[in-house]
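**Q** Questions regarding the structure given below will be posed in turn.
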Amino acid sequence: MASQRRRHHHYHHHRFNYLVPVISAIFAALLILFCLLSFFAPSPVDRDHLLHRIQHSEMVDAPTGVSVFRVPSRGGRSDRDIWSSRNANFYHGCNEASKKFAKVEDITQPNRYLAIATSGGLNQQRTGITDAVVAARILNATLVIPKLDQKSFWKDASNFSEIFDADWFISTLSKDVKIIKQLPRKRGKTLTSSNMRVPRKCNERCYQNRVLPVLLKRHVVQLSKFDYRLSNKLDTDLQKLRCRVNYHALRFTDPIREMGETLVNRMRLRSKHYIALHLRFEPDMLAFSGCYYGGGDKERKELGAIRKRWKTLHISNPDKERRHGKCPLTPQEVGLMLRALGYGSDVHIYVASGEVYGGEETLAPLKALFPNFYSKETIATKEELKPFSTFSSRMAALDFIVCDESDVFVTNNNGNMARILAGRRKYFGHKPTIRPNAKKLYHLFPNTTSMTWEAFASKVRTYQRGFMGEPNEVRPGRGEFHENPSTCICKDSEAKTKKESLPRKYGKDDSATRKEVIASDDRNDDDEPEWPDPDDEDDQKGLQERGIYNGTSLDYDGITSEEPELEEMLSD
């Protein structure tokens, strides 16, 4: 009996000795697995962000378990639909002066000089330069090459000839306005100017009543803070002069054009077509907009601190701003809009942007939708960008070129760069320019949980009618002239042939034969963009000009201010 108990004890002892290494191995494996999971698992912040991305890319109906919002990787529309505008071949830019437009030598008066001091970033200054030529023509004065703003937020010390080809500017406009590089000297001294400022959107009579008497007395007048100081509503010949300046005479210097063309070529080597996105989502701009993007107390505290810089900027109603279409789309919303419009994940995107609020975390959803994501910093070396990198206006000029040459230009804002490029792309053949109908899209993005992707995409396409850069989307005379140069857009059944025979470069004399300017015959008035007329808005008191810095610039529509600190932050 004792022997049997010993055998039984030996059996269990032997079995236990056999199980120990097995159990140890299992625990070791579990420990290794736990370590691996801990290493690769996202942090709480990353996990929340990942969940946020998943919720916006695929929503599941709980009762049925069926996916109701799944973002496709493909765009699902034909190549022709997404890369070209309808009827674009029938429209072209026309800018020739009429026979009644007097010769420059017959109207320019001696001892009458107009100097201009521009304001803002590159594109805001561009509007001032364009209007300065027209102002000199109205006053029958000789124009001195405009001074660029070197003291604003951008702190760019570049002068006119370091951004634009001054000789080309002077010679191209030699039949319209006499232009000199500097004021002449009299008795060994340079003539001194009398400084003054004109109201926003000053028309011909305004210049003749306010500026001309001073010019006749002092002989030299300098107009300061010269941006949007000329009316949108002018005589046809003066409007066409605007087009000759903006689309032909203002040519970037050779180094800027050559680097810009290099960037364009590198994008073309990557893909036959590319989208350029002007993405305005900087902290300062978001603070100024008064919008809220769901970042909780952290966002409110950070943007609120920035907002306190302006004494006149009061806390607004974020929901109201968004309902009225005043809030820039987020990078993710831009991505969803583009996918709904037919652009698949294989599309290449060039992004012109400043510092994005939230950094890579904010950009991640857009990059997930469009992995082929580039900027000038990623397709050029630091050495190549060195001559430009310390000058914000020159960097902005590079972005301007790449955006202008893109097959599709997209913006999430309504700033100066967006406006000027929208007008330029109309003038040079209506290449697609997508500007979000934020007022209507606002209702879509928060409600993706309750709709299918197909329903979402259908609504986006419907809301974007009239916001795609199609010919005559906006009625002639409506909106800012720089974004809607309707006087200089003509219809011609032979326009395609003429367009293909004309060079499209920065400032080349490629104007076509003047034809009748026509209004749209197929526009749905309900779909027409609600683009404000700044001439009417300037009669409203208490408005402040809106916009913020990003290195490529903006200013929000409908707001003007003379407050120095705020003026420095205005961007195009």
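**Q** Of all residues in region 172-198 being in contact with a helix residue (DSSP H, G or I) (Cβ under 9 Å, 6 or more places away or on another chain) and either at pLDDT below 95 or open to solvent by 60 Å² or more (accessible area, probe 1.4 Å) (or both), which is nearest to PRO110 (Cα to Cα)?
**A** LYS178
**Q** Pairs under 8 Å by beta carbon, first residue under 16 Å from ARG280 (Cβ atoms) in region 356-382, partner crowded, with 16+ Cβ neighbours inside 10 Å and among the acidic types (Asp, Glu), six or more apart or different chains?
**A** VAL356/GLU282; TYR357/GLU282
**Q** Looking at region 250-291, which of its residues are among the aromatic types (Phe, Trp, Tyr) and assigned to a helix (DSSP H, G or I)?
**A** PHE288
**Q** Also: Restricting attention to region 396-423, and to residues there that are modelled with pLDDT of 95 or more and open to solvent by 10 Å² or more (accessible area, probe 1.4 Å), which single residue is nearest to ASN246 (Cα to Cα)?
**A** My answer is GLU405.
**Q** Could you grab the pairs with beta carbons closer than 6 Å, sequence gap of 6+ or different chains, first residue in region 171-186 and closer than 7 Å to VAL144 by Cα and basic (Lys, Arg), second one open to solvent by less than 100 Å² (accessible area, probe 1.4 Å) and part of a loop (DSSP other than H, G, I, E, B)?
**A** These pairs meet every condition: LYS181/ILE145.
**Q** Next up: Count, please, the residues in region 280-292 that happen to be of a type outside the set (D, E, K, R) and under 24 Å from TYR350 (Cα atoms).
**A** Selection size over region 280-292: 4.
**Q** Do we have any residue at all in region 467-474 that's open to solvent by 10 Å² or more (accessible area, probe 1.4 Å), over 18 Å from the mean Cα position of the chain (by Cα) and aromatic (Phe, Trp, Tyr)?
**A** no
**Q** Pairs please, first residue from region 443-456 and under 22 Å from LYS326 (Cβ atoms) and open to solvent by 40 Å² or more (accessible area, probe 1.4 Å), second anywhere and of a type in the set (D, E, K, R) and modelled with pLDDT of 85 or more, Cβ atoms under 9 Å, 6+ apart in sequence or on different chains.
**A** What qualifies is HIS443/LYS459.
**Q** Quick one: ASP346 ticks every box in (1) in a helix (DSSP H, G or I); (2) open to solvent by 60 Å² or more (accessible area, probe 1.4 Å); (3) more than 30 Å from ILE145 (Cβ to Cβ); (4) among the acidic types (Asp, Glu) except a single one, so which number is it?
**A** (1)
**Q** Next question. So which residues in region 209-220 are within 35 Å of the chain's Cα centre (by Cα) and open to solvent by 40 Å² or more (accessible area, probe 1.4 Å)?
**A** Matches in region 209-220: ARG210 only.
**Q** So, one more: Since PHE388 meets every condition but one in (1) modelled with pLDDT of 95 or more; (2) in a loop (DSSP other than H, G, I, E, B); (3) open to solvent by less than 40 Å² (accessible area, probe 1.4 Å), which condition does it not meet?
**A** (2)
**Q** Follow-up question, since we're still on this one. Could you tell me whether region 436-443 includes any residue that is under 22 Å from GLU258 (Cα atoms), over 13 Å from the mean Cα position of the chain (by Cα) and in a loop (DSSP other than H, G, I, E, B)?
**A** no
**Q** Here are the criteria: (1) modelled with pLDDT of 95 or more; (2) under 25 Å from LYS439 (Cβ atoms); (3) among the small types (Gly, Ala, Ser). Tell me which single one GLY290 does not satisfy.
**A** (1)
**Q** For LEU341, state whether it is in contact with a helix residue (DSSP H, G or I) (Cβ under 7 Å, 6 or more places away or on another chain) and surrounded by fewer than 23 Cβ atoms within 10 Å (Cβ to Cβ).
**A** In short, yes.
The values are calculated or read from the model by the stated rules, or taken from the named source; none is laboratory data. This structure is a prediction, so every number in the text was calculated from the model and none was measured. Glycine also receives a Cβ, built like all others from the backbone with ideal geometry; neighbour counts cover every protein chain displayed. Please note that ligands, DNA and RNA were not included when accessible areas were found on the heavy atoms of the full protein model with its side chains. Shrake-Rupley method; radii C 1.70, N 1.55, O 1.52, S 1.80 Å.
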